[in-house]
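One structure below.
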Amino acid sequence: MSNVIPASLVKPKPAWKQWFDRIRHLSWTWRLTWFYLSAMLFLPLVAMFTKAASDGWAKFWEVASSPIAISTYDITFTTSLIATLFNGLFGTAIAWVLVRYDFPGKRIVDASIDLPFALPTSVAGLTLATVYSDNGWIGSLFAPLGIKIAFTRLGVGMAMLFISLPFIVRTVQPVLIEMEKDIEEAAWCLGASDWQTFRQVILPPLLPSILTGMALGFSRAVGEYGSTVIIASNTPFKDLIAPVLIFQRLEQYDYAGATTIGVVLLLISLVLLLGINILQAWGQRYEE
């Protein structure tokens, strides 16, 4: 008599056991990767979404679509986007100068680009508020013209410009260093103008790194709190940004409301970053 059990009588393993067996047969690098990502990214995201929905979806929508919340989304993302576009232009120009030109104090200027990385954001906000206030070094020049920078939305933009600039410069610099000047000289020998050389020879390989730096700078600007809370007046419907609104909700012990604003901020950021990544993939066709 055969001892073989028919396949139809074999009890399938539960799904969790099958999943555990797969994890058990993975390499240590895979296990460490999944453990770290789960602890630092996936589980916090699940907890955030769970907390946001703890009061029900009706309450979630009420908080997420309230007039003050919508105003903070507009101020946060619009100002961050404008700051990113400005830094995309001027950050690329700064990287070009630092790579292609030699001048006295170049090393000091190059090192100062990283200052926003090392400087505490609260110190950066205090410094910017001092410089751009009505009686500050720069703010006093604009005050007679009726332009107020500190404690306005313009001040928020200045803070975002300051903290996101290094991302563009530092992502473009290595590409410029590796770029061969012989290609530019060949274009000039063939009769190309400076603008044609830049547009058709230099810009295509630079575009992916510029978009990468802009994506990093945009993400940094959207989440900025320490400097903007000092240089802004934090007035609703004027210059109140979403990260400050989240902190205000926490001070009121409205944890679900704060998490709801955070979830909306996260979702909008993901959509915008996805769009930037699509543009980056489009720009990488020049490297092929």
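The values are calculated or read from the model by the stated rules, or taken from the named source; none is laboratory data. Computed from a prediction, not measured in an experiment: that's the story for all the values here. A quick note on method: Cβ atoms are made from the backbone with ideal geometry, for glycine too, and the neighbour counts reach across all protein chains shown. To get the accessible areas, we keep the full protein, side chains included, count just its heavy atoms, and leave off ligands, DNA and RNA. Shrake-Rupley method; radii C 1.70, N 1.55, O 1.52, S 1.80 Å.
Normalised by the number of residues in region 171-265, what is the relative contact order in percent for Cα pairs under 8 Å and 6+ residues apart?
Details: 46 pairs, mean separation 18.8, N = 95.
The normalised contact order for region 171-265 reaches 20 percent.
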Could you check the spin-label model distance between residue 122 and residue 51? Points 7 Å from the Cα along Cα→Cβ, value in nm. 2.1
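Give me the percent relative contact order of region 57-285, please, defined on Cα pairs under 8 angstrom at least 6 residues apart. Present the calculation step by step, with values, prior to reporting the outcome.
Details: 274 pairs, mean separation 70.6, N = 229.
Worked out over region 57-285, it gives 31 percent.
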Below 19 Å, Cα to Cα, which aspartates and glutamates can residue 181 reach? Residues fewer than 8 away in the same chain don't count. 102, 194, 287
Mind grabbing the accessible area of residue 219 for me, 1.4 Å probe, Å², rounded to tens? 50
For n ≥ 4 DSSP H runs only, could you compute -39500 (n - 2.57) per run for the chain, divide by its residues and tell me the 222 nm figure to the nearest 500? -22000 deg cm²/dmol
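What fraction of the Cα pairs in region 150-288, stated in percent, has a spacing above 27 angstrom?
Values: 3821 of 9591 pairs.
When every Cα pair of region 150-288 is considered, 40 percent fall beyond 27 Å.
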If you build the convex hull over the alpha carbons only and average its shadow over all orientations, what do you get for region 85-243? Give it in nm² to one decimal. 11.2
Keeping all protein chains in place, calculate the accessible area per residue for region 57-285 (probe 1.4 angstrom), answer in Å². 52
Averaged across orientations, what area in nm² does the convex hull of the alpha carbons in the chain project? 26.0
log₁₀ of I(q)/I(0) at q = 0.18, 0.20, 0.21 Å⁻¹ - region 34-151, Debye sum with one point per alpha carbon: -1.18, -1.22, -1.23
Go ahead and run the numbers for FRET between residue 37 and residue 62, Cβ-Cβ distance against an R0 of 25 Å, rounding to 0.05. 0.15
Contour minus Cα-Cα span, residue 148 to residue 181, at 0.36 nm per residue, comes to 7.5 nm
Ignoring everything but the protein chains, give the 1.4 Å probe accessible area of residue 251 in square angstrom, nearest 10. 120
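Over all directions, how big on average is the projection of the convex hull of the alpha-carbon atoms in region 208-285, in square nanometres? Mind dumping the intermediate values first?
Numbers: hull surface 23.2 nm².
Result: a mean projected hull area of 5.8 nm².
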Accessible-area value, residue 49, 1.4 Å probe, nucleic acids and ligands omitted, Å²: 80
To the nearest 20 debye, the chain has a Cα-centred charge dipole, built from +1 on Lys and Arg Cβ and -1 on Asp and Glu Cβ, of 1100
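On the accessible surface of the chain, probed at 1.4 Å, how many percent belong to carbon and sulfur atoms? Provide the component values of the computation, followed by the final result.
Details: 12360 of 17740 Å².
Roughly 70 percent, rounded to a whole number.
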